[in-house]
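J.: Here it is, the structure, as structure tokens.
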Amino acid sequence: MKKLIIHIKCVFARIIACIGVIVLGLMSLLPFCILYTISDSLYYIVYRVLAYRRNVVRENLRTSFPEKSQEEIVTIERDFYHWFCDYLVETIKMISISHKEIKRRMVFNGTEVIDQMVSEGKSCAVMLGHYCNWEWISTLPLSVSSQGICTELYHPIENKVFDKLFLFIRQRFGSVCIPMQEAMRYMVKLNKENHPLIIGYIADQKPNWRNIYLWTTFLNHNTPVFTGSERIIKHLHQVLFYGDVHRVRRGYYICNFKLLEPDSGNAPDFRLTELYLRELEATIKHDPAFWLWTHDRWSRTKEEFDIRFYEKNGKIYEKITEAEYAKLKGWKSYWHH
């Protein structure tokens, strides 16, 4: 009986997801002017009514820009939610937008340097953040030489229907999506076959505790950062670029490619990650509203890491569990008071 109930729930969830995909597909056929009207209405619901993660956004902005006044923080906050709703409808539009239209709206500068590297048989890494519309970066194959295979790493979505939808969106312009757990094997194979890659790495997420090997100052915080991208880039001697994305106006973006490291294989440990983070930080500070502030980026602290974990032979091990740490923290708080 329990298995039957679980099966019925799965079937029901799939039906709901299929209906959702159909609705999104129909929405994507709407012109941008109507989609942005929907976005304006969505802003009121998300920001005013639901207050979606508004406390997280406010705290992230306040601690990242302590020099800014409360009025400035609130202005950035509102601009962020306006853009965030635009991002949602712009991503939906990718289901049906034409190649010609997206090339007009998503412009890439500096592709000639990437094409030159690819013509020499070198693979290129482009490090980006969750800034502006990162989904539109998957249209890069329309603007670079076909000699290079454009790829991007992704985490499969648990719901298979929506997973297929996002794979369709991200691959319909020529990009190849690689599941994160298969990335190294796939890239090593192509490297051995002398197929140059142009691969995008979005590396500004919060890493798992056991994947923290570097803490650095980022937006006024002591921040744990991903170093997995750097390890792949160095191992395969990929030429490192930064994708500096800006919004020109509503529905129009430009990405300038900056060459950061032509010889990544010989770079010192963490140099590539630091180069990338400094560029991303400058991009965010230039126009803060377009970074993904809803992410609880700084919930993991160096203090907790030092108490709970230790590194040995390049691996992270646990000293005490999260529950034990919570008790310890409670005792410290009790004696402090």
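J.: Suppose we keep only residues that are at pLDDT 85 or above and out of contact with any strand residue (DSSP E or B) (no Cβ under 9 Å at 6 or more places or on another chain) within the stretch 146-157. Which one would you say is farthest from CYS255 (Cα to Cα)?
T.: The qualifying residue farthest from CYS255 (Cα to Cα) is GLN147.
J.: Can you name every one of the strands (runs of 3 or more DSSP E) wholly within the stretch 131-243 that holds 2 or more residues which are touching a helix residue (DSSP H, G or I) at 6+ places or on another chain (Cβ under 6 Å) and free of Cβ contacts under 8 Å to residues at least 40 places away in the same chain?
T.: 176-179
J.: Then there is this: Could we say that LEU328 is of a type in the set (A, V, I, L, M, F, W, C), in a strand (DSSP E or B) and exposed (fewer than 15 other Cβ atoms within 10 Å of the Cβ) here?
T.: So LEU328 does not fit the description; no.
J.: Determine which member of the set TYR253, TYR276 is among the aromatic types (Phe, Trp, Tyr), buried (at least 16 other Cβ atoms within 10 Å of the Cβ), outside any helix (DSSP H, G or I) and modelled with pLDDT of 90 or more.
T.: When all the criteria are applied, what remains is TYR253.
J.: Only one of these conditions is not met by LYS160: (1) surrounded by fewer than 18 Cβ atoms within 10 Å (Cβ to Cβ); (2) at pLDDT 90 or above. Which number is it?
T.: Only one criterion in (1) surrounded by fewer than 18 Cβ atoms within 10 Å (Cβ to Cβ); (2) at pLDDT 90 or above is unmet by LYS160, namely (2).
J.: Follow-up. Take the residues in the stretch 256-268 that are polar (S, T, N, Q) and touching a residue at least 12 places away in the same chain (Cβ under 8 Å), then tell me which one is surrounded by the fewest Cβ atoms within 10 Å (Cβ to Cβ).
T.: In this case the residue turns out to be ASN256.
J.: Residues being outside any loop (DSSP other than H, G, I, E, B) and closer than 20 Å to GLY228 by Cα: count how many of those fall in the stretch 308-325. Walk me through it before giving the result.
T.: Going residue by residue through the stretch 308-325, those that are outside any loop (DSSP other than H, G, I, E, B) are 308-312, 315-318, 322-325.
If we keep only those that are closer than 20 Å to GLY228 by Cα too, we end up with 309-312, 315-318.
Result for the stretch 308-325: 8.
Here's the yes/no breakdown for (1) exposed (fewer than 14 other Cβ atoms within 10 Å of the Cβ); (2) over 21 Å from the mean Cα position of the chain (by Cα); (3) in a helix (DSSP H, G or I):
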site	(1), (2), (3)
LEU29	yes, yes, no
ARG58	no, no, yes
LYS68	no, yes, no
GLU77	no, no, yes
HIS82	no, no, yes
CYS85	no, no, yes
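The values are calculated or read from the model by the stated rules, or taken from the named source; none is laboratory data. Just so it is clear, the structure is predicted and the values come from calculations on it, not from any experiment. Cβ coordinates were reconstructed from backbone atoms using ideal geometry, including for glycine residues, and neighbour counts include every protein chain displayed.
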